[in-house]
Amino acid sequence: MKFFKHGPLLAAATVLLVSAPMYAAPKAGNPPQSMYNPSTETTITGTVEKVTAGPRGATHITVKTAQGSMAVMLGPTQYIQSKNFTLKTGDQVEVTGSKIMRNQREMLLAREVKKDGNTLTLRDASGNPQWGSSSNMPHGSTMPQGSTMPQGTTGQGTAPQGSTTPGSTTP
């Protein structure tokens, strides 16, 4: 008889314990690790059409290639700034990354970006973010609301240094 008295409570607790990890959010500023797939890695070359602030303080770019435009997710804007790497409309770039599907459109999750002989490494060959350690990311791993984009970047590709990105959010 005691089983029937505590059975529903035990069943509810079991369901909560089993399902909780499914609803856990990924770390702020990091797409889920499982998104990066080295077997879909490719390299594109082209011209930066647009630089935008994505969710959670990340920088995204659109690159025009001979095959068309490709959306590229880079990483935390603050990490990119800490490496003294800037991107603006018209820059010629080579981007290596994993092709992913997000919101029913193909995108590139960047591992490295080359521009003017300089290389910005965002992830290792397995897709692990480089900004994960405190030594690589000054003052935390995400940008607070109202933080600035790299010099010369906004949703339309240009802005004076120190301007803020509209719609920036923190997790």
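Remarks
- Residue list for segment 110-134, restricted to those being closer than 14 Å to residue 37 by Cβ and small (Gly, Ala, Ser): 110, 125, 126, 127
- Filtered by the rule that a residue be at pLDDT 95 or above and over 19 Å from residue 49 (Cβ atoms), segment 93-123 gives 98, 111, 112, 117, 118, 119, 121, 122, 123.
- Hey, residue 69 surrounded by fewer than 12 Cβ atoms within 10 Å (Cβ to Cβ) and either at pLDDT 90 or above or closer than 21 Å to residue 38 by Cβ (or both) or not: no
- Residue match in segment 74-92 (condition: under 19 Å from residue 45 (Cβ atoms), touching a helix residue (DSSP H, G or I) at 6+ places or on another chain (Cβ under 9 Å), modelled with pLDDT of 90 or more and in a strand (DSSP E or B)): yes
- Set 59, 52: member being surrounded by 20 or more Cβ atoms within 10 Å (Cβ to Cβ), in contact (Cβ under 8 Å) with a residue 60 or more places away in the chain and outside any loop (DSSP other than H, G, I, E, B): 59
The values are calculated or read from the model by the stated rules, or taken from the named source; none is laboratory data. Only a predicted model underlies this, so the values are computations on that prediction, with no experimental measurement involved. FYI the Cβ positions are ideal-geometry reconstructions off the backbone, even for glycines, and counts take in every protein chain you see.
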